[in-house]
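The block underneath contains the structure these notes are about, expressed in structure tokens.
The values are calculated or read from the model by the stated rules, or taken from the named source; none is laboratory data. Everything quoted here is computed from the prediction, not taken from an experiment. Positions of Cβ are backbone-derived with ideal geometry, glycine not excepted, and every protein chain shown enters the neighbour counts. Protein only, heavy atoms only, side chains kept; ligands, DNA and RNA dropped before computing areas. Shrake-Rupley method; radii C 1.70, N 1.55, O 1.52, S 1.80 Å.
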Amino acid sequence: MSTHLRAEARPDPLDATAVRRHLHRRPEIGFLEIETADLAWDLLSDLGWRLRGGGDLVDVHDHPGLPSRDELDAAVQRAVARGVPESSVRRFRDGNTAFVAELRGVRPGPLIALRVDMDALPIQESGVGSHHPAAQGFGSEIDGAMHACGHDGHVAIALRAAALLSDRRFAGTVRLLFQPAEEGVRGAAPMVAAGLVDDVDVLLAVHLGFGTPDGCVAAATELYGTSKLRAEFTGVAAHASGAPEQGRSALVAAASAVLGLHGLPRYATATTRVNVGALHAPGAANIVNAHAVLDAEVRADAAAEHDDLERRARAVLHGAAAMHGVTVDITRTGWATSATTDGAILARVETLAPSCGLRLLPPLPLRASDDATLFMRHVQERGGLAGYLLVGAGTYGPHHSPTFDLDETVLTPAADLLATLIRSLEDP
């Protein structure tokens, strides 16, 4: 520890509630998780885990989903002000917040990986007295950022499991994959590209909530494949009254694309989703707009339909640009695929969950996307096993809302289940 302040503030990794509350106070948006990564790195180092991270491990400098330069620099300034050591700031700055921790067990065996997503959302947390974090004094201290999807709980669960496993009484090797930027499904792809799951035999991921009853665990179904698309339209500016025929409106083209995207046909063979979430077109009422940026997504629960839907969405964007005489550049800023949990994982969970105070339910639909599926699919295609587990965590405000919260009593049994499951995987 580099400062007395950080030594006092550091929670016990076995106390999952304390870890979760520490992280909840300091939420960080995707690729900006310097304080979060530093805390996890520090605690795992003390537990004897081998650590690798930074830009030499995963290269994100050209990632189209990175925050702006100003946002990256502001994250550094916040970390420095909070006493994060210079070595950690250097390691995790500029979006390089991904890292892995490994521990070898006492016997030969499989390589078991656990995905741990760390990022928060750009949401202002509720300050009303009925909101538990506000009432208990651990609400977000960062304006415009909030852990509104439970990733603070995911890190807390992983760190308790790591503390339990530090006795090394398991077979093989455990690898914790600390992933940035799950929101927007941006962080897993560069970690997969870096080869971090090429040698993995079993891949596990856990998510809290999503309607799972308290005291229960279930495999997730309806993990949708998704593509996040950013379309930048470029036209020609002109006087909106004096020479409108000389202009080519990027805004009108983008607006046409919005209607075209939402008008895409649905599929009888799959569940699909299409949404335009943002349209930015700075200008003035008397100027033919020359620049517009549109952010959209497509989703489907089947790979073929997802790929076809993305192809159609791109055709809509190009068609809208051509119709209005402008150009468009399309970038995929994030993506995930569909995936399923292997039955062998579920069979072990069913046997082990009661000893941890949890009960296995039949699979439950997530009806959302998570780029943990990229890890899962990669491992499964190489003959390994993968599982995505949902753990009940209360019914507070919905995910991605200012009043989202967790039932913290589930954090300990969830961590205990993971540690017990990992100890059981001597022969997956």
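Worth a mention:
- Listed by position, the strands (runs of 3 or more DSSP E) inside segment 325-399 whose residues that are crowded, with 21+ Cβ neighbours inside 10 Å and in contact with a strand residue (DSSP E or B) (Cβ under 8 Å, 6 or more places away or on another chain) number at least 3 are 327-336, 385-391.
- Going through (1) of a type in the set (Gly, Ala, Ser); (2) part of a helix (DSSP H, G or I); (3) over 26 Å from LEU72 (Cβ atoms); (4) open to solvent by less than 10 Å² (accessible area, probe 1.4 Å) one by one, ALA163 falls short only on (4).
- The set of residues in segment 239-257 being open to solvent by 20 Å² or more (accessible area, probe 1.4 Å) and either of a type outside the set (Ser, Thr, Tyr) or free of Cβ contacts under 8 Å to residues at least 12 places away in the same chain (or both) consists of HIS239, ALA240, GLY242, PRO244, GLU245, GLN246, ARG248, LEU251, VAL252, ALA255.
- Scanning segment 82-103 for residues that are of a type in the set (Ser, Thr, Tyr) and open to solvent by 10 Å² or more (accessible area, probe 1.4 Å) yields a single hit, SER87.
- Residue in segment 216-223 that is in contact with a helix residue (DSSP H, G or I) (Cβ under 8 Å, 6 or more places away or on another chain), at pLDDT below 95 and open to solvent by less than 20 Å² (accessible area, probe 1.4 Å) present: yes
- Residue selected from segment 288-322 under the condition among the aliphatic types (A, V, I, L, M), part of a helix (DSSP H, G or I) and open to solvent by less than 40 Å² (accessible area, probe 1.4 Å), by the criterion farthest from GLY263 (Cα to Cα): ALA321
- Among the residues of segment 307-344, those that are closer than 30 Å to GLN246 by Cβ, of a type outside the set (A, V, I, L, M) and touching a residue at least 24 places away in the same chain (Cβ under 8 Å) comprise ARG314, GLY319, HIS324, GLY325, THR327, ASP329, THR331.
- Number of positions in segment 104-129 that are open to solvent by 60 Å² or more (accessible area, probe 1.4 Å) and either of a type in the set (Val, Ile, Thr) or without any contact (Cβ under 8 Å) to a residue 12 or more places away in the chain (or both): 3
- Among residues of segment 166-184, those that are under 22 Å from ASP371 (Cα atoms), touching a Ser or Thr at 6+ places or on another chain (Cβ under 9 Å) and in a loop (DSSP other than H, G, I, E, B), counted: 3
- The test for being in contact with a Gly (Cβ under 6 Å, 6 or more places away or on another chain) and closer than 18 Å to PRO190 by Cβ holds for GLY65.
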